[in-house]
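Report on one structure; see the data block that follows.
The values are calculated or read from the model by the stated rules, or taken from the named source; none is laboratory data. Bear in mind the structure is a predicted one, so any value in this text is a computation, not a measurement. Methodologically, a virtual Cβ is constructed for each residue, glycine included, from the backbone with ideal geometry; neighbour enumeration extends over all protein chains shown. What goes into the accessible areas is simple: the full protein's heavy atoms, side chains included, and nothing from ligands, DNA or RNA. Shrake-Rupley method; radii C 1.70, N 1.55, O 1.52, S 1.80 Å.
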Amino acid sequence: MIEGTDGKTRCFGGAPGKEFYADYHDNEWAVPCHDDRELFEMLILEGAQAGLSWETVLKKREGYRKAFHGFDIAKVAAMQDDELEALRGNPDIIRNKLKIYSARKNARVFMEMQQEFGSFDAWLWDHVDGMPIDNRGRDWGDIPVSTPISDAISKTLKKRGMSFVGTTIIYAYMQAVGMVNDHAKGCWKSAD
């Protein structure tokens, strides 16, 4: 738990110079999201985090939005190899080749799932019966890094051809898009 410069205690974020992180914690993390473009954005960003800190990715979020056409799924799916290669020199994103190319691959699978299920949102949220799992009030150390639900989502996405969608990444994704509310005991958002 971190006490922010504004006096609020948070699960993360809020230290001096990291107010952007507190803003993310307070206004996005654990807030249910049902917009396919935003769900796609978070899927790509969570995958980019693999091996890094979320803070690092969050600082590069605007760079990702520019590099990947505002996360327009069809535009990302249509990106050519030369465009993806050029991104390897872009300091505004994480320049890992596999992560960059996975954005296109994941966009293509995402679009297939939209066609099959009507929306990615419909498929994703069906895993929690359309309602967020409310785990507020647990100790921070009791929050898992994966669950049977994240295992199932991860397994399906991998089988369909996505990458950077392991169960730990997917659980963090579930938290980010509000499928799970893990605001811990002592966090000011835990009482909301």
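Does Asp92 meet the test of being open to solvent by 50 Å² or more (accessible area, probe 1.4 Å), touching a residue at least 24 places away in the same chain (Cβ under 8 Å) and under 26 Å from Thr56 (Cα atoms)? Yes, satisfied.
Report yes if some residue within the stretch 130-144 is farther than 23 Å from Arg10 by Cβ and either of a type in the set (Asp, Glu) or open to solvent by less than 50 Å² (accessible area, probe 1.4 Å) (or both); otherwise report no. Scanning the stretch 130-144 turns up at least one residue that is farther than 23 Å from Arg10 by Cβ and either of a type in the set (Asp, Glu) or open to solvent by less than 50 Å² (accessible area, probe 1.4 Å) (or both). Counting just the residues of the stretch 110-144 that are modelled with pLDDT under 95 and touching a helix residue (DSSP H, G or I) at 6+ places or on another chain (Cβ under 6 Å), which one comes out farthest from Leu39 (Cα to Cα)? That would be Gly137. Screening Glu55, Glu38 for residues that are within 14 Å of the chain's Cα centre (by Cα), surrounded by fewer than 21 Cβ atoms within 10 Å (Cβ to Cβ) and modelled with pLDDT under 95 leaves exactly one candidate, Glu55. The residues in the stretch 97-118 that are touching a residue at least 24 places away in the same chain (Cβ under 8 Å) and surrounded by 16 or more Cβ atoms within 10 Å (Cβ to Cβ) can be counted, and the count is 13. Over 21 Å from Gly17 (Cβ atoms) and either touching a Cys at 6+ places or on another chain (Cβ under 7 Å) or not in a helix (DSSP H, G or I) (or both): does that describe Ile100? Answer is no for this residue. I'd like to check something: does the stretch 184-191 contain any residue that is in a helix (DSSP H, G or I), within 28 Å of Lys8 (Cα to Cα) and among the hydroxyl-bearing types (Ser, Thr, Tyr)? There is at least one residue in the stretch 184-191 that is in a helix (DSSP H, G or I), within 28 Å of Lys8 (Cα to Cα) and among the hydroxyl-bearing types (Ser, Thr, Tyr). Against the numbered list (1) surrounded by 21 or more Cβ atoms within 10 Å (Cβ to Cβ); (2) modelled with pLDDT of 95 or more, Val31 comes up short only at (1).
Each residue in the stretch 108-146 was checked for being touching a Phe, Trp or Tyr at 6+ places or on another chain (Cβ under 7 Å) and part of a helix (DSSP H, G or I), and 6 pass. Within the stretch 73-84, restricting attention to residues that are open to solvent by 70 Å² or more (accessible area, probe 1.4 Å) and not in a loop (DSSP other than H, G, I, E, B), the residue that is farthest from Met42 (Cα to Cα) is Asp82. Among the residues of the stretch 168-175, is there at least one that is modelled with pLDDT of 95 or more, open to solvent by less than 20 Å² (accessible area, probe 1.4 Å), under 14 Å from Ala48 (Cα atoms) and not in a loop (DSSP other than H, G, I, E, B)? The answer is yes, given that some residue of the stretch 168-175 is modelled with pLDDT of 95 or more, open to solvent by less than 20 Å² (accessible area, probe 1.4 Å), under 14 Å from Ala48 (Cα atoms) and not in a loop (DSSP other than H, G, I, E, B).
For Arg10, the criteria (1) at pLDDT 95 or above; (2) touching a helix residue (DSSP H, G or I) at 6+ places or on another chain (Cβ under 7 Å) hold in every case but one, which is (1). In the set (1) surrounded by fewer than 18 Cβ atoms within 10 Å (Cβ to Cβ); (2) under 21 Å from His34 (Cα atoms); (3) not basic (Lys, Arg), Gly161 fails one condition alone, (2).
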